[in-house]
Amino acid sequence: MFRNPANRQLVRAINRSTILDAVRENGPVSKAEIARSTGLSQATVGAIVPSLIERGLVTEGDPTASGIGRPPTLLQLDRESYNVIGLKLMDDHIVGAVTDLEAETLGQSERPVSDLDPASVVETAAAVVDDLIQIAGLGRERVLGVGIGMAGVIDTNQGLCRHSPFLGWRDVPIGELIEARLQIPVRVDNDVNTLALAERWFGVGQKVDDFLLVTLGRGVGFSVVVGGNVYRGARGGAGEFGHTVVGDSDELCTCGNRGCLEASVGEPALLRRAQELCVARDLPSPATAAELYAAASQDPTLVDLLSHAGSNLGRGLANLINLFAPALVILSGEGVVGGEILLGAVETELDLHVHEALRGSYEFVVEPLRDEAWARGAASLILDAVFESPARSRSIPLWEWDAPP
């Protein structure tokens, strides 16, 4: 019986990816140790390693004495051989980061956005990428790709922004537009999904196959990792946790519905309600979330506002935990900075509403983040394409696109 050459190529791509990830995770590591940890034969490992070295992804260290026979040569990831770039697209600015192959940030750049027309945003994004390439000091051929994170419903497979309320976009092929401008591979995803990838590869989510990431700030974001994979749903629509209905709120949300979690917990909604409460009592109104948190330390009415918001968020999180039974729950974003009152109410609701059988089965982590962390997360979208096995992703890793069969 004849075997399909395409199948042989896919098997070889899977084996190369498996070996590369073993080096990334365990290096410095010998070929024999790679074979043991991956289940591949030593002959297969020995045949594939030279191609990884030739491509500059893996380097050989000095042999180490093992006590018996010829000392083995240890392999490790050449983290500086290539760069990846991540961009966080927002309605008023674009922030970017360039990283090595282990997501260590080598430099950052930021440019304002004055025009939300897609063509103008593409040019601003290209300028940020040019800044970062210059900072990294490598040629464009050493940039494996550009990852883009943005709020909204993003169809990653199509590189399509189906709907971004902050940018006012519908069905914009932003990935295709930026890739054509840069002549560098581009991948686009919801920004919270890119953060989840960063946590999975390099953060608190390492070696955790099932976890939830919720972000709090201008909106309420959500990403779920199941079996080690980000779940995106049909056409990238999964994760609209902020538009689930919790509590008894009748507040009008930016999406047009009433009672959404985001209309209770999002920073614009909190600030609007705080300003109404302060004006009614002839008190100075907070203009920023930081001012709101500071004022709440002196004002029981604002304490009640934040506590109520935290209770709604906590009940929503409890629902998610009861649905997904994760090993880890990460609450992140700029909205968690200084929000001790809100976070205390969240934890109280988790204690009350998480199913008894699931209590103690998960870790709850609060992780404040700045803009550059979002950009680093977007870079992890490319790193995911580099290290992900074709067996799971059903696509060839970026560095395999021109590889021989």
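Numbers for the structure displayed
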| quantity | calculated |
| --- | --- |
| Filter result for Thr254 (among the β-branched types (Val, Ile, Thr), outside any strand (DSSP E or B), closer than 25 Å to Ala103 by Cα and in contact with a helix residue (DSSP H, G or I) (Cβ under 9 Å, 6 or more places away or on another chain)) | no |
| Pair list, Cβ < 6 Å and 6+ apart or interchain, from the range 218-238 residues that are farther than 22 Å from Glu367 by Cα to residues that are surrounded by 22 or more Cβ atoms within 10 Å (Cβ to Cβ) | Gly236/Ile154 |
| Entirely in the range 261-368, the helices (runs of 4 or more DSSP H) that have 3 or more residues that are over 18 Å from Ser249 (Cβ atoms) | 267-280, 289-296, 300-324, 340-353 |
| Unique match (being of a type outside the set (Phe, Trp, Tyr) and either more than 19 Å from Gly377 (Cβ to Cβ) or not assigned by TED's automatic domain parsing to the domain that holds Pro118 (or both)) among Leu197, Leu144 | Leu197 |
| Verdict on Ile341 being touching a residue at least 60 places away in the same chain (Cβ under 8 Å) and under 30 Å from Gln206 (Cα atoms) | no |
| Near pairs, Cβ below 6 angstrom, 6+ apart or cross-chain, from the range 356-367 (under 20 Å from Gly344 (Cβ atoms)) to any residue that is in a loop (DSSP other than H, G, I, E, B) and among the hydrophobic types (A, V, I, L, M, F, W, C) | Tyr362/Ala327; Val365/Val204 |
| Top-ranked residue of the range 342-376 - restricted to ones that are of a type in the set (Val, Ile, Thr) and surrounded by 19 or more Cβ atoms within 10 Å (Cβ to Cβ), ranked as farthest from the chain's Cα centre (by Cα) | Val354 |
| Selected residue [without any contact (Cβ under 8 Å) to a residue 40 or more places away in the chain, more than 27 Å from Asp210 (Cβ to Cβ) and in contact with an Asp or Glu (Cβ under 8 Å, 6 or more places away or on another chain)] from Ala263, Ala318 | Ala263 |
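The values are calculated or read from the model by the stated rules, or taken from the named source; none is laboratory data. What you see is a predicted model, and the numbers here were worked out from it, not measured in a lab. A quick note on method: Cβ atoms are made from the backbone with ideal geometry, for glycine too, and the neighbour counts reach across all protein chains shown.
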